[in-house]
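Asks: Got a structure for you, written out below as C-alpha cells; questions coming shortly.
Read-outs: derived from the displayed coordinates by stated rules, not from any lab. This one's a predicted model, so the numbers in the text were calculated from it and none came from an experiment. Reconstructed Cβ throughout: ideal geometry from the backbone, glycine too, with neighbour counts over all protein chains shown.
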C-alpha cells in the first residue's frame, strides 16, 4: 500500500500553506488594528475584500444579521445582502482602484438585508474603500432603517388621509347645500298638499331618499373630521356595557361577546352617540369576519402614551388616554387591505353589502375627538382595533343642538336676517321662516348683511358660516353684535364646530349652531330657542 503523503510533501503545498499563513497573519494584524474602531461604531460594520468575502465584522453586525462572526468570516457577502448588488459591487467596485470607489463615500444605498433566519429588513449601506496589503477592502456601515421606513409610511398615509379628508369635506359641504334645497322644498310641498294622499306619499319617499343622502354626507364629514359633535362627559364602561347588552341580541348566537372592563377608568368628553356608533361599526365588521361564529372581546383600560410612542404618530400628543380595544377571532386582513381600511368607500364586502364608510367614520370621529386609532391583524388569526380617547380635564358638557319638536314653534313678528350665498337654498329658508310668522330680510353675503344692519333693527341673524369673500359667517356675526348688542345669533353649516362659539365671549351661551341639511321643524325650534333666551 502506498503511504499517504503529508501536505508538506505534496509539490506546491508548502507554498499554499505559507500563503495562507501570511494572509492569516495579515488578517490578524488588521483585525487587531481595526477591532476597537469597529466595535465602537453604533452601526453594523462589515469589511469585505476584493473577492466579495467578509473579513471583519463587529458585534452590531452579529446582532443585526443573527450570525456569530465565525459563521460569516470568509463567507461571501451575498449571505447578507442581495446577490445581484453584491456581484455588481465586486465587479464594479472592489476590483477597481480606491479612487473609483471614493465617489460612493457618504452616499447611502438602500437595500434589503437578509438575516440568518432568512427574514429580511430594509437597510442603508454606506461604503468606504481602503487600500491594504491584501488589496482593496471596503468597509460597509449598515443601518437597520425599519423604524424609519415605518415612520415614513405612516407619515405618507397620514398625508394621504388628510388630502382625502379635505376633498370629501368639500364635497360633503356642497352636497349638504343641495340636499338642504331638496329637503326644504319637499317640506314646503308636503305642507301645501296635505290633503293629497298620493302627493304625500311621493314627497315622503323623496324625503326619505334625501335624508339617506344626508346620512351619507354626515359619514363623509365624520371621516373629514368636520362633523358637528355634541361632546359630553362619558363613562366609557357604562356606555359599552349598555351597548354589549344590545349587541348580544343582534350579532347572533354564534358570536360570544366578552367585555373586560378595568375599574376607575378616566373620564372622557366625547359625543356619546358617535362613540356608540363606532363600537357598533367595529362589532358589525367583526361579525362579518366571523361567518361561522367566534369571539368578540371588548376591553377598556387607562394608558399613558409617552414621547417615544407618539414620536411615530404625526398627529398624536403624549399624555393620558382611555384605550378601548375591540378584538375578534375572524379571518383577519392582509397587509394590503389593512393599509386601506380607513379610506372612504373602500370595502372588501360584496357589492350592495356595505357603503365602505363605516370604518372611515370611526377613523374621522376618533381623530376629531383628539384621539388615535390603530389596527393589528393577521390572516386566519383575527383583528384588533385600539381606540385611544384623551383623558378629560374639563368634563363640563357642551350644549347640544335643540331637539326637533312635533309642533312648529311660531314667530311673533320678530325680524330675522337670513345670510346665505346659495340663492336656491336662501329662497327655501326665506319661505320657511316667513311661514313661521317672522319678518324676514335677506342678504347674499356678509357685506350686504352689514349694510342692512346699519339701517334695520334686527332681532336675529341666521347666517351660513362658509361664504365667499373675506368675511365668513362667524366674523359677520361678531361684527353684527357690535352694531346691535341685543342681536341673537344662529350659525349654520355643513360642518359646524361647537368650539367656534368661544370667540363670542360673554354672549357665547346665546349663540346656537344648526347643522345642514336640516328639517323645517328643526329650523323653527332653533329660531325660537335663540329668541327666547
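Asks: For the pair residue 70/residue 146, report the inter-label distance in nm, with labels modelled 7 Å from Cα in the Cβ direction.
Replies: Inter-label distance under the simple model: 2.7 nm.
Asks: As an exercise, use a Förster radius of 45 Å and the Cβ-Cβ distance of residue 521 and residue 308 to find the FRET efficiency, rounded to the nearest 0.05. Please list the in-between numbers first.
Replies: Working: r = 52 Å, r/R0 = 1.16.
Calculated transfer efficiency: 0.30.
Asks: So if R0 is 35 Å, what FRET efficiency would residue 374 and residue 457 give, r being the distance between their Cβ atoms, rounded to the nearest 0.05?
Replies: 0.05
Asks: What ranking, highest mean first, results for peptides 38-49, 444-455 when packing means the other Cβ atoms within 10 Å averaged over each residue?
Replies: Highest to lowest by the protection proxy: 38-49, 444-455.
Asks: With a 10 Å radius around each residue's Cβ, average the other Cβ atoms per peptide and rank 251-258, 295-302, highest first.
Replies: For the peptides 251-258, 295-302, the packing ranking is 295-302, 251-258.
Asks: Moving on to the next point. Quick one: plug the Kirkwood hydrodynamic radius of the stretch 415-532 (C-alpha pairs) into Stokes-Einstein at 25 °C, 0.890 mPa s, and report D in µm²/s.
Replies: Diffusion coefficient, whole number: 176 µm²/s.
Asks: Give me the distance in nm between label points sitting 7 Å out from Cα along the Cα-to-Cβ direction at residue 209 and residue 242, one decimal.
Replies: 3.6 nm
Asks: While we're on this one: Using only C-alpha positions, report the orientation-averaged shadow area of the convex hull of the stretch 233-390, nm², one decimal.
Replies: On the way: hull surface 36.7 nm².
Projected over every direction and averaged, the Cα hull of the stretch 233-390 covers 9.2 nm².
Asks: Could you compute the FRET efficiency for residue 412 and residue 261, with r as their C-beta to C-beta distance and R0 at 60 Å, rounded to 0.05?
Replies: 0.70
Asks: Then there is this: Among 368-378, 116-126, how do they line up by average Cβ neighbours within 10 Å per residue, starting with the highest?
Replies: Values: 368-378: 18.4, 116-126: 14.4.
The packing order, highest mean first, is 368-378, 116-126.
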